[in-house]
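Everything on this sheet refers to the single structure shown next.
The values are calculated or read from the model by the stated rules, or taken from the named source; none is laboratory data. Just so we're clear, the structure is a prediction, and the values are computed from it rather than from any experiment. As a convention, Cβ positions derive from the backbone with ideal geometry for all residues, glycine included, and neighbour counts pool all protein chains shown.
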Amino acid sequence: MKKTLAVVLTMGLALAFVGCGKQAAEVAETATEAASVVEEAATTAESVAEAVAEVAEEAKAEGVMTYAEYAAAELDSEVVVETYVQAKQSWWEDKATFYTQDEDGAYFIYEMACSQEDYDKLVPGTKIKVSGVKSEWSGEVEIVDATFEIEDGNFVATAKDATDLLGKDELIDMQNQLVSFSDMTVEAVSFKNEQPGDDIYLTLSKDGASYEFCLEYYLNGSDEEFYNLVSGLEAGQTVDVEGFLYWYEGANPHITKVTVK
Amino acid sequence: MMMRLKRKFIVGLSCIAVSALALTGCHGAKDSSGFEIPQEFDESQKIELTFWAKNDTNVTQTAIYNKAIEDFEKLYPNITVNMRLYTDYGKIYNDVITNISTGTTPNVCITYPDHIATYLTGNNTVVPLDDLFADEKYGLGGSSLKFDSPTVDEIVPEFLGECVIGENHYALPYMRSTEACYINKTYVEELGYKLPETLTWDFIWEVSEAAMEKKADGTFKINGQNVMIPFIYKSTDNMMITSLKQLGAGYSDSDGNILLFNDDTKEVLKTIAAHTKNGEFSTFKISGYPANFLNAGQCIFAIDSTAGATWMGSNAPLIDIAEEKLVNFETEVMTIPQYDTGHPAMISQGPSVCIFNKKDSQEVLASWLFAQYLLTNDVQIAYSETEGYLPVTRKAQQAPEYQEYLSLAGTDNDVHYDVKIKAAKLLMDNTENTFVTAVFNGSTSVRDAAGQLVENVTKSVKRKKTVDDAFIDQLYEDVKALYHLDQGAGRAGAGGKADLGKLPAPSVVLLTVLVLAWILIGAYALKERLSRKENE
């Protein structure tokens, strides 16, 4: 019996160790196999990627929408456009928001996947090809969940005078474009939190009607001079303003330039 | 037009919060006990306090904070309070995290217990308040206070309980709200329905489906417009969390275990998907503020905080849409829809106040005095009247001036706006039906993940993708990865038990052999004993 017991214990321990050893050996073997599979997959993926890139290059002209096609596209549908960065609003955690425009129209690109490195490369005028989904938030038509690639080309928009369109339905056709409004009268200036350090709301009037404008804090960035200029505007002053025709339950231009007359 | 908080803050800052959490998530929680209450408050010492507060883009709230500070400074002329205002809890959270690392936290801060759980990962950051509560001189209702402070018993116990993290109170409740369903009653009745006593999910879905009927010209029959989203939910985090609570399903537990990714969640998501497909449902992040759609007659059921009541309804004091878009309708305020009307459940939310530790104990005591001052009737009642908030003390709730305020509901569309007062009463009547989720280091990420599931499903259906089991399984994996929930983020800080999987085969063999050996030893001993007996 003693012998039997000793044999069982010894065999048990041996088996357990063998089990461990076997497992380790299996792991090592599996790891080697996996590495080889990964290597093969990487090679295949590389060649597939090359092929896809070639196809994409060929198909690029067909896949890219004109502004008219983009404007006609349904909400929540996939869109691909070529456009030019006009202004950068914000970057955080590899997502960035841009005002972009081409010769025919403008595209607001909300939280597009973008590394800090790429964000730095995207200066006004830079041409980008954007693939994303057309969406609408509180009246603002935008491209969301987008990716992009930088292309050759440059275009910086000049502001289009939209003064005559104020209060008219046609104004929405210029949504997101760089626009200007002249000879406006300052009605009121208020801070988002009743104190400086965030957006500034600016009410301007023309021919007896009032319109809302906004100094968007992040779009303005570190331009302290402009922030102070807008903060200091007084009711009754006449100004020319320039900015991007953002939409929030109606026109709400995000101003970038103010000239006090 | 008074513009509300834009989406960029909310969406962007949730990312900040998540990343900040990821950075801090690997530390263990520490007891912040590095503060001793001074025997006396030194009124000859000049003390400057920083107070980070949050308002709801509501200028009256700013004015009330300013008045509270002014009144407090009159009582304690040696203390100066400098306020910094935020419109978003996420931004406060982010700034606190940043300032913990540089040792420049504010003295007093409006915050959420979820956030405090993360602040506690720093050394001696947030002051535990239990000893301060009980201090005879300066505690709640203390003898040396220069103002009429509530006693511990006068604070609503449910709200005070929400400020416990681990074994200590780390905050005082400041204001409380819940979610309410703001309803276009006119449209509900025009569609041939009568609002039930308790709103149910089935009722909302049924009415929403009916509201999708169109006329020959393509406009919706109910409003004659091109847009109709019958049901819009502001906080999809809350939508999922509350649904699971009502269903008795898993979400998370106090050990920090993440139970969100389960079959009940899947069923909730499938229901949302089915109704989104018909255009019956959307969210704030996808479409915009529920209030704007409700007021334009483009939404029938708008679920938002009771603290957003002043934006809801045709006669709302705060309106964010053009006057010509405003539609006249009767607004009803009801509790959020329920799965089990016999056991209603709704979330308790709203700001709390915490104080941060500093080297100078007099400075910390001054912070405590100011935090406590925010619970006085003057501040509580004035602030609660700015929105559909409820004061957190029984003392304020039962005060004659507050009772009078409630009784004047509907007498004007400003201070006594009926929708706002109904919203506050809704919470008052349902305080015992409120709940909060477990707070642990990482609980903010689980909350964000809950909302992300709803957002992704809604967005995907709108984009004509098929939402089925396979889609949801993949979504679970993606969302876990996005919020680092696949790395045990929730468990790390909470000391929960990890599931280590099945026992390896060699271990099973070894344990079996050991058991077998003991059986043989026993058998051997028995055999020896029996043979000895035989020999005797």
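Cβ separations smaller than 6 Å between residues 6+ apart or across chains give the following pairs from the stretch B:417-442 residues that are buried (at least 21 other Cβ atoms within 10 Å of the Cβ) to residues that are acidic (Asp, Glu): B:VAL439/B:ASP114. With A:ILE143, A:ILE128, A:ILE172, A:ILE200 as the choices, which residue is surrounded by fewer than 19 Cβ atoms within 10 Å (Cβ to Cβ), in contact (Cβ under 8 Å) with a residue 12 or more places away in the chain and aliphatic (A, V, I, L, M)? After ruling out the rest, the residue left standing is A:ILE172.
Tell me which residues, restricted to the stretch B:414-432, are within 19 Å of B:ILE183 (Cβ to Cβ) and among the aliphatic types (A, V, I, L, M). Correct list: B:VAL419, B:ILE421, B:ALA423, B:ALA424, B:LEU426, B:LEU427.
Listed by first and then second residue, the pairs linking a residue in the stretch B:327-351 that is modelled with pLDDT under 95 to a residue that is aromatic (Phe, Trp, Tyr), with Cβ atoms under 6 Å apart and 6 or more places separating them unless they lie on different chains, are B:PRO351/B:TYR174. Restricting the first member to the stretch B:258-270 and to residues that are without any contact (Cβ under 8 Å) to a residue 24 or more places away in the chain, and the second to residues that are surrounded by 22 or more Cβ atoms within 10 Å (Cβ to Cβ) and among the small types (Gly, Ala, Ser), the beta-carbon pairs closer than 7 Å and six or more apart or on different chains are B:LEU259/B:SER252. As for the stretch A:185-192, it holds no residue that is of a type in the set (Ser, Thr, Tyr), in contact (Cβ under 8 Å) with a residue 60 or more places away in the chain and within 14 Å of chain B (Cβ to nearest Cβ).
To keep it simple, each residue is scored yes or no on (1) surrounded by 19 or more Cβ atoms within 10 Å (Cβ to Cβ); (2) free of Cβ contacts under 8 Å to residues at least 24 places away in the same chain.
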{"position": "B:SER143", "(1), (2)": "no, yes"}
{"position": "B:LYS146", "(1), (2)": "no, no"}
{"position": "B:GLU167", "(1), (2)": "no, yes"}
{"position": "B:CYS181", "(1), (2)": "yes, no"}
{"position": "B:TRP205", "(1), (2)": "yes, no"}
{"position": "B:LYS221", "(1), (2)": "no, yes"}
{"position": "B:ASN226", "(1), (2)": "no, yes"}
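If you take the residues in the stretch B:456-465 that are buried (at least 22 other Cβ atoms within 10 Å of the Cβ) and either aromatic (Phe, Trp, Tyr) or under 23 Å from the mean Cα position of the chain (by Cα) (or both), which one is farthest from the other protein chains (Cβ to nearest Cβ)? Before you say what the answer is, go through the steps one by one.
Of all residues in the stretch B:456-465, those buried (at least 22 other Cβ atoms within 10 Å of the Cβ) come to B:457-458, B:461.
Then keep just the ones that are either aromatic (Phe, Trp, Tyr) or under 23 Å from the mean Cα position of the chain (by Cα) (or both); that gives B:457-458.
On the way: B:VAL457: 14, B:THR458: 11 Å.
The selected residue is B:VAL457.
Does the stretch B:118-137 contain at least one residue that is part of a loop (DSSP other than H, G, I, E, B) and among the basic types (Lys, Arg)? Taking every residue of the stretch B:118-137 in turn, at least one turns out to be part of a loop (DSSP other than H, G, I, E, B) and among the basic types (Lys, Arg).
Every condition in (1) surrounded by fewer than 23 Cβ atoms within 10 Å (Cβ to Cβ); (2) touching a helix residue (DSSP H, G or I) at 6+ places or on another chain (Cβ under 7 Å); (3) in a helix (DSSP H, G or I) is met by B:ALA409 except one, and the failing one is (3). Taking the conditions exactly as written (on the phi > 0 side of the Ramachandran plot and modelled with pLDDT of 95 or more), does A:GLY232 satisfy them or not? Considered against the rule, which asks whether it is on the phi > 0 side of the Ramachandran plot and modelled with pLDDT of 95 or more, A:GLY232 comes out as no. The residues in the stretch A:210-247 that are of a type in the set (A, V, I, L, M, F, W, C) and over 30 Å from A:SER135 (Cα atoms) can be counted, and the count is 6.
Within the stretch A:187-210, is even one residue among the β-branched types (Val, Ile, Thr), farther than 27 Å from A:TYR107 by Cα and assigned by TED's automatic domain parsing to the domain that holds A:VAL230?
To start, the set of residues in the stretch A:187-210 that are among the β-branched types (Val, Ile, Thr) comprises A:189, A:200, A:203.
Keeping just the survivors that are farther than 27 Å from A:TYR107 by Cα gives A:189.
Pick out the ones that are also assigned by TED's automatic domain parsing to the domain that holds A:VAL230 and you get A:189.
Within the stretch A:187-210 (the criterion being among the β-branched types (Val, Ile, Thr), farther than 27 Å from A:TYR107 by Cα and assigned by TED's automatic domain parsing to the domain that holds A:VAL230), the answer is yes, since at least one residue qualifies.
Does the stretch B:131-140 include one or more residues that are buried (at least 17 other Cβ atoms within 10 Å of the Cβ), free of Cβ contacts under 8 Å to residues at least 60 places away in the same chain, within 24 Å of B:PHE41 (Cα to Cα) and more than 14 Å from chain A (Cβ to nearest Cβ)? Yes, because at least one residue in the stretch B:131-140 is buried (at least 17 other Cβ atoms within 10 Å of the Cβ), free of Cβ contacts under 8 Å to residues at least 60 places away in the same chain, within 24 Å of B:PHE41 (Cα to Cα) and more than 14 Å from chain A (Cβ to nearest Cβ). Among the residues of the stretch B:246-263, those that are touching a Ser or Thr at 6+ places or on another chain (Cβ under 8 Å) and not in a loop (DSSP other than H, G, I, E, B) comprise B:SER252, B:ILE258. Screening B:ALA17 against (1) farther than 30 Å from B:GLU323 by Cα; (2) at pLDDT 50 or above; (3) within 14 Å of chain A (Cβ to nearest Cβ) leaves a single unmet condition, (2). Scanning the stretch B:273-309 for residues that are closer than 21 Å to B:VAL59 by Cα and modelled with pLDDT under 95, we see that the one that is surrounded by the fewest Cβ atoms within 10 Å (Cβ to Cβ) is B:GLY308. In this structure, is B:GLY308 under 20 Å from the mean Cα position of the chain (by Cα) and under 25 Å from B:PRO391 (Cα atoms)? Taking the combined requirement at face value, the residue satisfies it.
Please indicate, with yes or no, whether at least one residue in the stretch B:189-209 is under 25 Å from B:GLY288 (Cβ atoms), at pLDDT 95 or above and in a strand (DSSP E or B). No: zero hits. For A:ALA113, the conditions (1) buried (at least 17 other Cβ atoms within 10 Å of the Cβ); (2) within 24 Å of B:SER282 (Cβ to Cβ) all hold with the exception of (1). In summary, B:VAL439 fulfils each of the numbered conditions (1) at pLDDT below 75; (2) of a type in the set (A, V, I, L, M); (3) not in a helix (DSSP H, G or I) with the single exception of condition (1). In the stretch B:61-93, what residues are within 10 Å of chain A (Cβ to nearest Cβ) and polar (S, T, N, Q)? Listed by number, the residues that qualify are B:GLN61, B:THR62, B:ASN66, B:THR87. For the stretch A:206-220, the set of residues classified as free of Cβ contacts under 8 Å to residues at least 24 places away in the same chain and away from every other protein chain (no Cβ under 14 Å) consists of A:ASP207, A:GLY208, listed by residue number. Whenever a residue of the stretch A:81-110 is more than 10 Å from chain B (Cβ to nearest Cβ) and crowded, with 24+ Cβ neighbours inside 10 Å, its partners that are outside any strand (DSSP E or B) and among the acidic types (Asp, Glu), lying with C-beta atoms within less than 6 angstrom and at least six residues away or across chains, give the pairs A:THR83/A:ASP102.
Please determine, by comparing only the residues of the stretch B:251-272 that are small (Gly, Ala, Ser) and either out of contact with any strand residue (DSSP E or B) (no Cβ under 9 Å at 6 or more places or on another chain) or over 19 Å from B:VAL436 (Cα atoms) (or both), which one is modelled with the highest pLDDT. Before the answer, list the steps.
Going residue by residue through the stretch B:251-272, those that are small (Gly, Ala, Ser) are B:252, B:254, B:256.
Okay, now just the ones that are also either out of contact with any strand residue (DSSP E or B) (no Cβ under 9 Å at 6 or more places or on another chain) or over 19 Å from B:VAL436 (Cα atoms) (or both), so B:254, B:256.
Values: B:SER254: 85, B:GLY256: 89.
Per the stated criteria, the residue is B:GLY256.
Of all residues in the stretch A:111-137, those that are touching an Asp or Glu at 6+ places or on another chain (Cβ under 7 Å) and either away from every other protein chain (no Cβ under 14 Å) or part of a loop (DSSP other than H, G, I, E, B) (or both) total 5.
Of all residues in the stretch B:482-494, at least one satisfies being at pLDDT 85 or above, away from every other protein chain (no Cβ under 14 Å) and surrounded by 20 or more Cβ atoms within 10 Å (Cβ to Cβ).
Among the residues making up the stretch B:286-307, those that are out of contact with any Leu (no Cβ under 9 Å at 6 or more places or on another chain) and farther than 23 Å from B:PHE220 by Cβ are B:SER305, B:ALA307. In this structure, does B:PRO344 turn out to be within 26 Å of A:GLU140 (Cα to Cα) and either more than 13 Å from chain A (Cβ to nearest Cβ) or surrounded by 20 or more Cβ atoms within 10 Å (Cβ to Cβ) (or both)? Criteria not met by B:PRO344.
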